[in-house]
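The values are calculated or read from the model by the stated rules, or taken from the named source; none is laboratory data. Predicted model, so just to flag it, every value in this text is computed and none were measured. In this analysis, Cβ positions are derived from the backbone assuming ideal geometry, glycine residues included, and neighbour counts consider all displayed protein chains. Areas reflect the complete protein model, heavy atoms only, side chains present, ligands, DNA and RNA absent. Shrake-Rupley method; radii C 1.70, N 1.55, O 1.52, S 1.80 Å.
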Amino acid sequence: MQPSVHGIHHVTVIAGDAQENLNFYVGVMGMRLVKKSVNQDATDTYHLFYADGAGTPGTDLTFFPWPALPPGQLGTGITVEVPFAVPTGSLSYWQERFKKLNVHFEAPEMRFGEKTLPFTDPHGLQLALVETDDVRDFVPWDKSPVPADFQLRGMHAVRLWEHTLDPTVALLTGPMGFKKVGEENNWVRLAAKDGGSGCFIELKAMPGHPHGEWGTGAVHHVAWRTKDSDEEMSLQAAISRLGLRPTPQIDRFWFRSVYFREPGGTLFELATDGPGFDRDEDMAALGEKLILPPWLERERHKIEIGLPLLNMPDVKKYSF
Ligand code: ZN
């Protein structure tokens, strides 16, 4: 059978100040901090994971707070926007919420027949909320300041600018198993095998536009769901047959990962659905303590004193 990814697993972004990032995603957006860890390749930096109530794959937006970096630059070969799914009828709630909390948002627009509210996080990341009736794997977060009916259902899509589309489309529709499902206003929409919300990637050709740059507010990488390690390894083999150079499988403890750059330059990851965020913490206590993978545990003291203090925001202040 043709291997295929099964939609978005997580998206990882570079943030500015860690406390501002925490206040925005837990307070304003009402997400659950499901894991407080460190960047496994730079342990003086947090890695903060925000998701639904259970850390369901596809709901997880993660950040490396690197406030010393300059702002990122939108451009080709980079993810320029991360749209999230919300239930149909909830955009008016979110517009009111954004007005009260001074979040910068644009006028709602229709994209591929879906009502969409573009907005920006405090460090410049471009996001959107998209109304959809598609059924999602989702567990509400009962301590969220946002009522369950309006909570984010997970990433709906990712939007990328490319210098030229054909090589990226060949990767997506070849080894990664996507199908082209729409074209509108110079955006091409493709859907991973299972289709629907959470399975979309949207590409726009921007020839002549400079290459995007990593920095605060810029997307670092997009990870795509694979069922298990065997499926991930067969995708890795298919991607290397195309002439790309995927890494060996890396154990990220909560999932297993393979990284590669798509032909336009965007960093992609394949990530397994399991073992999951409750591998090292009770589901009820996710995100409360600094969690290190076992191989970093013996350096815990040194790592902890190198990290800034973080305080959970008072969600009562954000509850309306
Ligand atoms: Zn990742």
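Stokes-Einstein diffusion for segment 1-143 at 10 °C, viscosity 1.306 mPa s, with a Kirkwood radius from C-alpha pairs, works out to 97 µm²/s. Amide H to amide H distances under 5 Å link W141 with G53, where only residues 5 or more positions off or on other chains count and H is placed in the peptide plane. Phi-derived couplings, Karplus 6.51 cos²θ - 1.76 cosθ + 1.60 at θ = phi - 60°, listed residue by residue for segment 139-155: 10, x, 9, 6, 9, 6, x, 9, x, 3, 5, 10, 5, 5, 8, x, 5 Hz, with x used for Gly and Pro. Remark on L152: its backbone amide H falls under 5 Å from none of the residues 5 or more positions apart or on other chains, H modelled at 1.01 Å from N.
The distance linking segment 253-296 with segment 68-146 is 23 Å (Cα centroid to Cα centroid, whole angstrom).
For the chain, what relative contact order do you get, as a whole percent, if you take Cα pairs closer than 8 Å and at least 6 residues apart?
26 percent
D for segment 129-201, whole µm²/s, Stokes-Einstein with Kirkwood Rh over alpha-carbon pairs at 4 °C and 1.567 mPa s: what number? Diffusion coefficient, whole number: 92 µm²/s. Per-residue ellipticity at 222 nm computed for the chain from its helices equals -3500 deg cm²/dmol, with DSSP H segments shorter than 4 residues left out and the rest contributing -39,500 (n - 2.57). Between amide H atoms placed 1.01 Å from N, distances below 5 Å from I291 occur with K36, S37, all of them 5 or more places distant or on a separate chain.
Ellipsoid semi-axes for segment 44-118, based on the Cα gyration tensor and the rule √(5λ), read 25, 18, 15 Å when sorted largest first. Working note: Karplus 6.51/-1.76/1.60 with θ = phi - 60° gives segment 16-21 the couplings x, 4, 5, 5, 4, 5 Hz, where Gly and Pro are set to x. Out of every Cα-Cα pair in the chain, what percent are more than 35 Å apart? That fraction is 15 percent. For the peptides 34-44, 140-150, 215-225, 72-82, residues were scored by their other Cβ atoms within 10 Å and the scores averaged per peptide; the highest-first order is 215-225, 72-82, 34-44, 140-150. Antiparallel beta bridges, as assigned by DSSP with both residues in the chain, represent about 65 percent of the total such bridges. Across segment 176-320, Cα pairs under 8 Å and at least six residues apart give a relative contact order of 14 percent. Taken one residue at a time, the phi angles of segment 69-79 give Karplus couplings (6.51, -1.76, 1.60, θ = phi - 60°) of 6, x, x, x, 10, 5, x, 6, x, 8, 7 Hz. Gly and Pro are set to x. Structural descriptor for segment 235-320: relative contact order 15 percent, calculated from alpha carbon pairs under 8 angstrom and at least 6 residues apart. Compared with the rule-of-thumb size 2.2 N^0.38 Å for a compact globular protein, segment 168-316 has a Cα radius of gyration ratio of 1.27.
Within the accessible surface of segment 8-318, defined with a 1.4 Å probe on protein heavy atoms only, the carbon and sulfur portion equals 52 percent. Springs between Cα atoms under 10 Å define the GNM used for the chain, and in it the highest mean-square fluctuation of D60, D137, D52 occurs at D137.
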